[in-house]
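Remarks on the structure that follows.
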Amino acid sequence: MLGNWFKTGLLMAAIMALFGMVGALLGGAQGMLLALALAAAMNVWAYWFSDTMVLKLYRAREVDATTAPQLYDTVAELARRAALPMPKVYLIDEAQPNAFATGRNPEHAAVAATTGILQLLTARELRAVLAHELSHVSHRDILTSTITASIAGAISTLANFGMFFGGRDNDQRNPVLALLVLILAPIAALLIQLAISRGREYEADRGGAELSGDPRALADALAKIDRYAKGLPLETAEAHPATAHLMIINPLSGGGVAGLFSTHPPTEERIHRLLAMAA
């Protein structure tokens, strides 16, 4: 838990530093102060509202035991088993099979799944996937990953501001500098995600396998999701690739800049580790 709080604090500090540096380069002292104020406001907003933003991006709708009984009841059973507060449960009307957890802590958590994953997986496989997501909640990964999703997108937006302001030639600003910012800011977003995402998927796989008591079911689910997700684009993820690391399987097609945001470990290795647990 302390490790995740440290990572979150470090991430927010890095964003402050990056915004301040870019603001100073593009606007001098005044630009730096404005950028620092913007970064501080964004950090506060991200802590409280980034989970809501992600759910709205994916047009997720909250469900209950009446509107989605299999999904809701399975989450409720696993939450009791894990001694976690009952998270909110959301359904996303998308054909691509996928799922994610979000929220700032276990008391304010949410689990979302696509309609595609409900149609593809058996009850046993779905239970293992939801156990994986609740493992993220239990490990308190969700705050860092959710804030990263919103902040990484904001860094790319900062690059566009840099290009806009840097392209003006009525003072000492250098348009080449703005071009560098345009290139480097998305890379910074990628590096932040890579630093905090990959290892946690292995841990969530292990925790999900233990919670569900069925590592083979999770291995089978990952194999199915990976196979079907490659042929079914998830348009929201393609438009907002900074949110891709939230998903249990990389939802991106891999083309263009979006391919750089692949933050998941190889599915084959994840399956290999789960089968070793089952053995």
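Each value in this text was obtained by applying a stated rule to the coordinates, not by laboratory testing. It should be emphasised that the depicted structure is a prediction, and the values quoted were computed from it without experimental measurement. Glycine gets a Cβ as well: all are built from the backbone with ideal geometry, and neighbour counts include every protein chain shown.
Assorted remarks:
- Among 219-228, 52-61, 79-88, 241-250, the order from most to least packed when residues are scored by Cβ within 10 Å on average: 241-250, 219-228, 52-61, 79-88
- In this simple spin-label approximation, ARG59 and GLU268 carry label points 7 Å from Cα along the Cα→Cβ vector, and these lie 3.6 nm apart.
- Using a Förster distance of 51 Å, the FRET efficiency for ALA24-LEU275 (Cβ separation, nearest 0.05): 0.50
- All other residues whose Cβ lies under 11 angstrom from that of THR263 are scored, Lys and Arg at +1 and Asp and Glu at -1, for a net of +1.
- Neighbourhood charge, 12 Å Cβ-Cβ cut-off, centred on ASP93 and excluding it, Lys, Arg +1 and Asp, Glu -1: 0
- Segment THR115-GLN70, extension gain: residue separation times 0.36 nm, minus the distance between their alpha carbons: 15.0 nm
- Centre-to-centre separation between the Cα atoms of the stretch 98-130 and those of the stretch 219-240: 14 Å.
- Extension gain for ARG81 to GLU107 (0.36 nm times residue separation, less C-alpha to C-alpha distance): 7.8 nm.
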